[in-house]
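The values are calculated or read from the model by the stated rules, or taken from the named source; none is laboratory data. Computed from a predicted structure; not experimentally measured. Cβ: placed from backbone, ideal geometry, glycine included. Neighbour counts: every protein chain shown. Please note that ligands, DNA and RNA were not included when accessible areas were found on the heavy atoms of the full protein model with its side chains. Shrake-Rupley method; radii C 1.70, N 1.55, O 1.52, S 1.80 Å.
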Amino acid sequence: MAKKNGSSVGINIGINEKDRKKIADGLSRLLADSYTLYLKTHNFHWNVTGPQFQTLHVMFEGQYTELATAVDLIAERIRSLGVAAPGTYKEFAKLTSIAEPVGVPSANEMIEQLVEGQEAVVRTARSIFPLVEKAGDEVSADLLTQRMQLHEKTAWMLRSLLE
């Protein structure tokens, strides 16, 4: 008796299939937001100019490097729930809440857009939290808590550059 994931062994981790699918759908949106923010941050790292160049270039590199690790963790959690993780630009474009930049913004506009992106990821993560709590999915709850904490701190640090 083959399953969708190619194995004859079902998933029995204490979370029913319906809840696993709902959580994975939410995590897929988080993955799309995180990957879109990764691309935006990497783009800004490459294209930032002006008096804050060195500071922002290094800061953006740290941020996109962290996001690269995060997208892997999120995708692996989706797979652990028995669902295929989205992995194409087309899929991410449908799922993300983060707008792509138009042209090359000024350094301050880059910072503003990244604050908005960081906060968007927090909102997406927070929107999934009731699902994982209801299902008793402590692993996803831990992942979401860590993501929210990091993105809230990063948004605060970026906002501090605008004051």
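Some observations on this one:
- Filter pass, PHE92 being surrounded by 12 or more Cβ atoms within 10 Å (Cβ to Cβ), among the aromatic types (Phe, Trp, Tyr) and under 15 Å from GLY26 (Cα atoms): yes
- Conditions (1) modelled with pLDDT of 95 or more; (2) more than 26 Å from SER160 (Cα to Cα); (3) open to solvent by less than 50 Å² (accessible area, probe 1.4 Å); number of the one not met by PHE44: (2)
- Among (1) open to solvent by 70 Å² or more (accessible area, probe 1.4 Å); (2) closer than 16 Å to ILE23 by Cα; (3) part of a helix (DSSP H, G or I) - the single one TRP156 does not satisfy: (2)
- Some residue of segment 70-87 being among the hydrophobic types (A, V, I, L, M, F, W, C), within 20 Å of ALA141 (Cα to Cα), modelled with pLDDT of 95 or more and open to solvent by 40 Å² or more (accessible area, probe 1.4 Å): yes
Let's see how each residue does on (1) within 12 Å of the chain's Cα centre (by Cα); (2) small (Gly, Ala, Ser); (3) modelled with pLDDT under 95; (4) open to solvent by less than 40 Å² (accessible area, probe 1.4 Å):
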| residue | (1), (2), (3), (4) |
| --- | --- |
| GLY62 | no, yes, no, no |
| GLU100 | no, no, yes, no |
| GLY103 | no, yes, yes, no |
| ILE111 | no, no, no, yes |
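- Within segment 17-60, restricting attention to residues that are among the small types (Gly, Ala, Ser) and under 21 Å from ARG126 (Cβ atoms), the residue that is nearest to the chain's Cα centre (by Cα) is SER34.
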